[in-house]
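Bear in mind these aren't lab numbers, they're just calculated from the coordinates by the rules spelled out. Please read all numbers here as calculations on a predicted model, not as lab measurements. As a convention, Cβ positions derive from the backbone with ideal geometry for all residues, glycine included, and neighbour counts pool all protein chains shown.
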Amino acid sequence: MVQNINMSEITTNFDDRTIEYEQLLLDFKKLLQKNNLRFTTQREVILETLYNLDEHLTPESIYNIIQKKHANLKIGIATVYRTLSLLEDAQMVTFLSFGAQGKKYELGAKKHHDHLICTLCGTITEFVDEEIENRQHIITENLGFKMSDHSMQIYGICKKCQN
């Protein structure tokens, strides 16, 4: 039986951050220090860009945004890739993989959410459905599995591309 779901019941305000920028920056500086890396303006701008944009971004799109916003800042695409890799290893960013198209990153400082991904245009829609969340916990408990984390991506065609 298929139920109609009111979208207002399953959406969350994804503008809410689970961490303030100042704390994130402090954690980032500690991460750099732990890895014997210098804190640079370029690295901070990458972090700030991820924090301020509510999008899933490829390394190239992050680079292009920085180039437009900070035209006088000398930064290379390799710095973006290395910084994202460092943030990924520290679980400060998460990513969605698009196979040959690469990864799209988002800062891990938002409340848990899942993703609808359009296979035609690449649009990513974030959502939370408490019923799905509850069912996952019931299923893992019933199977004697201790869940530490999860992610769900649903692939299909968005409304815009269907028209």
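Let me make sure I get this right: for region 82-163, a, b and c are the square roots of the gyration tensor eigenvalues over alpha carbons, sorted descending. Under 1.5 in a/c it's rounded, otherwise prolate if a/b > b/c, else oblate. Which is it?
Details: a/c = 2.20, a/b = 1.15, b/c = 1.91.
Oblate shape, in that a/c is at least 1.5 and b/c is the bigger or equal ratio.
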Taking the chain as the reference, fit the longest principal axis to its C-alpha atoms, fit the long axis of helix 41-52 to the helix C-alpha atoms, and give the angle between the two in degrees, 0 to 90, nearest 10. 20 degrees
Picking from GLN162, VAL45, THR94, whose Cα lies most toward the positive end of the charge dipole for the chain (charges on Cβ: Lys, Arg +1; Asp, Glu -1)? VAL45
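Please state the charge dipole magnitude for the chain, taken about the Cα centre, from unit charges on C-beta atoms (+1 on K and R, -1 on D and E), reported in debye and rounded to the nearest 20. Before the final figure, lay out the partial values.
Numbers: 18 positive and 22 negative charges, 181 e Å.
Result for the chain is approximately 860 debye, rounded to the nearest 20.
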